[in-house]
Amino acid sequence: MSLTAIEFNNVSKKYSQSGDYVVDHVSLSIYEGEFVTILGSSGSGKTTLLKMINRLYEPNEGTIKLFGEDITTVDPVKVRRRIGYVIQQVGLFPHMTIAQNVAIVPKLLKWNKSKISTRVDELLSLVGLEPQEFRNRYPSQLSGGQQQRIGLARALATDPKIMLLDEPFGAIDAINRLNLQDELLRIHGGLKKTFLFVTHDINEAFKLGTRVMIMNKGRICQFDTPSHIVKNPADDFVSSLIYSSREQERFWEGLD
Amino acid sequence: MSVNLWMQISDYFFNNSNDYWVSVKAHMEISFYALLLSALIGITCGHLCVKHKQYERWIVSLFQVLRIVPSLAVLLLLIPIMGTGTGPAMVALVLLAIPPILMNTVAGLEAVPPFLLEAAYGAGMSDRQVLWKVKFPLAAPIMLTGIKTAAIEIIASATLAAKIGAGGLGGIIFTGLGLNRMDLLLVGGISVAMLSVAAGLSFDLTDRFLFKYKFVRK
């Protein structure tokens, strides 16, 4: 088996002293090179789980290790610079050009100018945007899908081993979303990185994930390959998810 | 009458052009330093207000109250403490100019959307880098609007500074009032108005130049 990239050991999180656990004593291991999708409805704790990995949230209990290193022993700023992070709202900085946005982390790490500029062009090509055309534009001049491609390029800038994606395609229309999903698979396949992808769309989760983690009420219901989950749903929640997706399929077939 | 007035004005410029430009320069200097000082205080306090919410009410109300005291009253009140000259004039102008800068700094910093801060922290920026690379640049256009308002108020009110011997275009106006000379009133008044307009325009140009991203074609 390959290296363990991310390891959770009995990790819990609650937002107030008296409240319920948002993430409830979760233990898991994710191996290098996996594409893990986390599927759950809102409030299931999937985003909280993700944000504890780059220390935007701190767990109340338990330990998280990246490649065997306990992340509480590392400066959060350093942890985050090693991890690519993409959010649903994209979060491109409106006062910076596309090239400046993509170059943020390399600049923080004080790369030299020519290295940054080569890397920016490389990344723009990787996400399917012509560097000459896009470098000097501002984010407001791009469509939503193009913006999220830049968000992806920015997160990949320093070639991080781990990528965290928090519903990155949640606000993008269906056709563009399919394109972006395919590109993301292509990028993942070419780079051998560990991807963690949060979504509430069951089709997206099962299409992208080499393994799918299904969460409900702060717990992991099932964490397995898509085909195993479909063959042996672990509990009623997972069964009902698959059932609802099948229902939708039947609805489409009915229209045919 | 009006021809006569024009004659008087051109006579004034012919005989006193030196004094005139000295006054203009003094006026601009007082205004510039007052603006610099109030921007320094206003932006620092604005940043503190956003960083430490519990002080916001106190800081904002303090400067609002000080702002209510008429500038002329401030000048006269300060005479026993600071005497006359540029010092008390500066205090009065700074007090006048802080509130718009302070309020707009607070508004600008608070208008930065939380997801941009999340993206900044997620990319691995430290608190200081988030402040200088994201928060201030994004708040800057609103802050600049506050500074523009302050500049126009300062230039108009710096006229009063002449009352306590700080010089500036106010001197020409007060002389005109004293001698009942319309030409001097016009020269002083129009000059102050022109300075105000010029300041406003140059801030608009600065805005266009510094924040190109707001004006790009979609």
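How many nm is it between the label spots at residue A:140 and residue B:4, if each spot is 7 Å from the Cα in line with the beta carbon?
According to this spin-label approximation, the distance is 5.6 nm.
Please average, across the residues of A:147-155, the number of beta carbons from any other chain that are within 10 Å of each residue's own beta carbon, and give a whole number.
Partner Cβ neighbours, averaged per residue: 1.
Using helices alone, I'd like the mean residue ellipticity at 222 nm for chain A: each DSSP H run of four-plus residues gives -39500 (n - 2.57), total over residue count, nearest 500. Could you put the intermediate results ahead of the total?
Working: 11 runs with 106 residues, N = 256.
My calculation for chain A gives -12000 deg cm²/dmol from helical runs alone.
By how many degrees, 0 to 90 and rounded to 10, does the Cα axis of helix B:86-110 deviate from the longest principal axis of chain B?
30
To the nearest 10 degrees, how steeply does helix A:236-255 sit against the main Cα axis of chain A, on a 0 to 90 scale?
70
Select from A:174, A:99, A:155 the residue whose mean-square fluctuation is largest in a Gaussian network model of chain A (Cα-Cα springs shorter than 10 Å).
So, out of A:174, A:99, A:155, the one fluctuating most is A:174.
What FRET efficiency do you get for residue A:27 and residue B:55 if R0 is 45 Å and r is their Cβ-Cβ distance, rounded to the nearest 0.05?
Efficiency, from the Cβ-Cβ distance: 0.55.
Could you tell me what % of all Cα pairs in the range B:21-210 have separations over 20 Å?
Roughly 59 percent, once rounded to a whole number.
What FRET efficiency would be calculated for the residue pair residue B:177, residue A:75, taking the C-beta separation as r and a Förster radius of 60 Å, to the nearest 0.05?
Computed FRET efficiency for residue B:177 and residue A:75: 0.35.
Calculate I(q)/I(0) for the protein assembly as shown by the Debye formula, one identical point scatterer on each C-alpha and no solvent, and give its log10 at q = 0.10 Å⁻¹ to two decimals.
Calculated log10 I(q)/I(0) at the listed q: -0.84.
Among A:11-21, B:111-121, B:138-148, how do they line up by average Cβ neighbours within 10 Å per residue, starting with the highest?
The most tightly packed comes first, giving B:138-148, B:111-121, A:11-21.
Using the 10 angstrom Cβ neighbour count as an exposure proxy, how do A:3, B:210 rank, fewest first?
A:3, B:210
Sorted by packing (mean other beta-carbon atoms within 10 Å per residue), highest first, where do B:188-195, A:166-173 land?
Values: B:188-195: 17.2, A:166-173: 19.1.
Packing proxy ranking, top to bottom: A:166-173, B:188-195.
For a quick check, take a GNM of chain B with Cα springs below 10 Å and name the residue from B:17, B:61, B:126 with the largest mean-square fluctuation.
Looking only at B:17, B:61, B:126, the biggest GNM fluctuation is shown by B:126.
Average partner chain C-beta neighbours within 10 Å, per residue of A:137-143?
Partner-chain Cβ atoms within 10 Å, mean over residues of A:137-143: 3.
Among B:27, A:200, rank each residue by its count of other Cβ atoms within 10 Å, from fewest to most, as a rough exposure measure.
Numbers: B:27 26, A:200 16.
Ordered from fewest to most neighbouring Cβ atoms within 10 Å, B:27, A:200 come out as A:200, B:27.
Ranking request for peptides A:68-74, B:181-187: highest mean number of other beta-carbon atoms within 10 Å first, then the rest in descending order.
B:181-187, A:68-74
Which whole-angstrom value gives the distance between the alpha carbon centres of the range A:155-194 and the range B:195-217?
About 39 Å separates the Cα centre of the range A:155-194 from the one of the range B:195-217.
I want to verify a result. In a Gaussian network model of chain A, Cα cutoff 10 Å, which of these has the top mean-square fluctuation: A:206, A:93, A:195?
Maximum fluctuation in the GNM of chain A, among the listed residues, is at A:93.
With a cap of 16 neighbouring Cβ atoms within 10 Å, and only residues DSSP puts in a loop, list the trypsin sites (Lys or Arg not before Pro) found in the range A:158-217.
A:192, A:217
What average number of partner chain Cβ atoms lie no more than 10 Å from the Cβ of the residues making up A:82-91?
Per residue, the average neighbour count from other chains is 4.
Where a number appears in this text, it was derived from the coordinates with a stated rule and is not lab data. In this text, all values refer to a predicted model and were calculated from it rather than measured experimentally. Backbone-built Cβ (ideal geometry, glycine too); neighbour counts: all protein chains shown.
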